[in-house]
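> Please read through the structure below; I'll follow up with questions.
The values are calculated or read from the model by the stated rules, or taken from the named source; none is laboratory data. All figures in this text were calculated on a predicted structure; none of them were measured in a lab. Cβ sites come from the backbone with ideal geometry, for glycine too, and all protein chains shown count toward neighbours. Accessible surface areas use protein heavy atoms only, side chains included; no ligands, DNA or RNA. Shrake-Rupley method; radii C 1.70, N 1.55, O 1.52, S 1.80 Å.
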Amino acid sequence: MGKGYSTEEIRKKLISTLDNSSDGMSGVEISEKIGVNRITMSKYLKIFAAEGLLRQKNIGNVTLWFLEPGQESFNFPDDYFKVAPRYLEYLVKGNEDQVYSLIQNCLHSGGTVNRLILEVILPSIDHVKNLFDGGKIGTAEQSLLETTISKSLQIFNHIQVTTNPKKNVVVIAADAYSRLHSEAASAAYHSDGWKVSHLGDMSSAINVLFDLDFQKLIGKIWKQKPGIMIVVIFSQTSEGLNFFADSINPTKEKSGKRMKLVLCGKTSKKTKVNSDLSSEKIGDVLQWSRTVSENIQ
């Protein structure tokens, strides 16, 4: 490339160049504006179109390029504080496409999955719950907003990463509300190269047979017991944490030191639950998991 621009610099220049171009621009015009040779620019235009940044329209022998609606560029880490209120605004107003575009823009601009989850997604989950608890939204709207959050989390899961077979994690939600928190944690684990088995809301499995079911599952997904297996339980109640911990600990004891149990939620001070970590903060759980995996390899 003529001026040695990085991919991110070209992306920013593209957004700036096409932002006010309602009629679109040809590849030749774009390459001249940005200062990149036409062949190289053509390759990048195709890449950015595949990512959803651009769309093209053929008019005769000329291909015009347009910026997809809602595209913008951020400078991270300085701009994280801008993203959280914007995400929440789009979410509450029901602008689904803008919610998803915002997440894509952040990823294209170099935002990390971990920080986007901790600083943008999780506060929004809590905000939706507060709106519902305060009577400001009903059950139907709560479900719609939570579905939108869930779909935005799936964007992170579609990022291709190299999975480390020695880093295994099972994520469980003990109740319906904890489902989104478990999805958020699963997406963060995925981005960090973990082999994730996300079971979702398992409240319907609270019965005397779950310990056997879980033992069979572990036997299938962790056959040769490579590396480490961490089981993370999310729950809004100490009862939920207690049940799943009691059901999983027998399997954990048979598996030895390479299997760990993590509880994420409020635990009763009166009841002692056998676990390797208990915390209300997902950030602490993720950091602890990373440290444990590094020490055991």
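> With r as the distance between the Cβ atoms of residue 50 and residue 154 and R0 = 22 Å, compute the FRET efficiency 1/(1 + (r/R0)^6) and round to 0.05. Show your work: numbers first, answer last.
Details: r = 18 Å, r/R0 = 0.83.
The calculated FRET efficiency here is 0.75.
> Just add up the charged neighbours of residue 294: K/R +1, D/E -1, any other residue whose Cβ is under 13 Å from the Cβ of residue 294.
Working: positive: 166, 167, 290; negative: 192.
Neighbour charge sum, excluding residue 294 itself: +2.
> What is the set of long-range amide H partners of residue 26 at a cut-off below 5 Å, with H atoms built 1.01 Å from backbone N?
65
> Per residue, how much accessible surface does the range 168-281 expose to a 1.4 Å probe? Answer in Å², no decimals.
47
> Further question on the same structure: So how much slack lies between residue 62 and residue 266, counting 0.36 nm per residue of separation and subtracting their Cα-Cα distance, in nm? Could you put the intermediate results ahead of the total?
Values: separation 204, 0.36 × 204 = 73.44 nm, distance 6.10 nm.
Contour length minus Cα-Cα distance gives 67.3 nm.
> Quick one: length gained pulling residue 253 to residue 95 fully straight, 0.36 nm per residue minus the C-alpha distance?
Values: separation 158, 0.36 × 158 = 56.88 nm, distance 4.77 nm.
This chain segment gains 52.1 nm when fully extended.
> Given the options 141, 96, 72, which has the most mean-square fluctuation in a GNM of the chain, springs set between C-alpha atoms less than 10 angstrom apart?
141
> Here's a follow-up. Report, to the nearest 10°, how far helix 38-51 tilts away from the longest principal axis of the Cα atoms in the chain, using its own Cα long axis and a range of 0 to 90°.
It works out to around 40 degrees.
> Give the residue list of trypsin sites (Lys or Arg not before Pro) in the range 262-294 that are DSSP loop and have at most 12 other beta-carbon atoms within 10 angstrom. Don't skip to the answer; put the middle values down first.
Numbers: sites: 266, 269, 270, 272, 281, 290; in loops: 266, 269, 270, 272, 281.
Sites meeting the loop and neighbour criteria: 269, 270, 272, 281.
> Would you mind counting up the charge near residue 166? Only other residues with Cβ under 12 Å from its Cβ, with Lys and Arg at +1 and Asp and Glu at -1. It would help to have the intermediate numbers written out before the result.
Details: positive: 167, 195, 225, 258; negative: 294.
Neighbour charge sum, excluding residue 166 itself: +3.
> Once neighbouring chains are kept in place and the probe is 1.4 Å, which whole percent of the accessible area of the chain is contributed by carbon and sulfur? All intermediate terms of the calculation are to be shown ahead of the outcome.
On the way: 7410 of 15210 Å².
The value for the chain is 49 percent carbon and sulfur by accessible area.
> I would also like to ask the following. Considering only the other residues whose Cβ falls under 13 Å of the Cβ of residue 63, what net charge follows from Lys and Arg at +1 and Asp and Glu at -1? Don't skip to the end; give the middle numbers.
Values: positive: 38, 46, 55, 57; negative: 29.
My count for the surroundings of residue 63 gives +3.
> Let me ask something else. Based on alpha-carbon centroids, what's the gap between the range 167-223 and the range 242-297 in Å, whole number please?
Spelled out, the Cα-based centre of one part sits 13 Å from the other.
> Taking a probe of 1.4 Å, how large is the accessible area per residue of the range 1-117, in Å²?
On the way: 6260 Å² over 117 residues.
Accessible surface, normalised per residue, equals 54 Å².
> While we're here: Short version: ³J(HN,Hα) in whole Hz for each residue of the range 202-209, in order, from phi by Karplus 6.51 cos²θ - 1.76 cosθ + 1.60 (θ = phi - 60°), x for Gly and Pro, what are they?
10, 4, 6, 9, 6, 7, 5, 9
> Got a number for the accessible area of residue 139? Probe 1.4 Å, square angstrom, nearest 10.
100
> Assuming 0.36 nm per residue, please report the length gained on full extension of the stretch residue 139 to residue 205 beyond their Cα-Cα distance.
On the way: separation 66, 0.36 × 66 = 23.76 nm, distance 2.38 nm.
Separation in residues times 0.36 nm, less the Cα-Cα distance, equals 21.4 nm.
> Which angle from 0 to 90°, rounded to the nearest 10, does the C-alpha axis of helix 282-296 make with the longest principal axis of the chain?
So the helix axis and the longest Cα principal axis differ by about 80 degrees.
> Match the structure shown to one of the listed values (1) -0.44, -0.82, -1.15; (2) -0.76, -0.97, -1.05; (3) -0.55, -0.85, -1.03 of log10 I(q)/I(0) by the Debye sum over Cα atoms at q = 0.09, 0.12, 0.14 Å⁻¹, computed from it, and give that label.
Identified label for the calculated read-out: (3).
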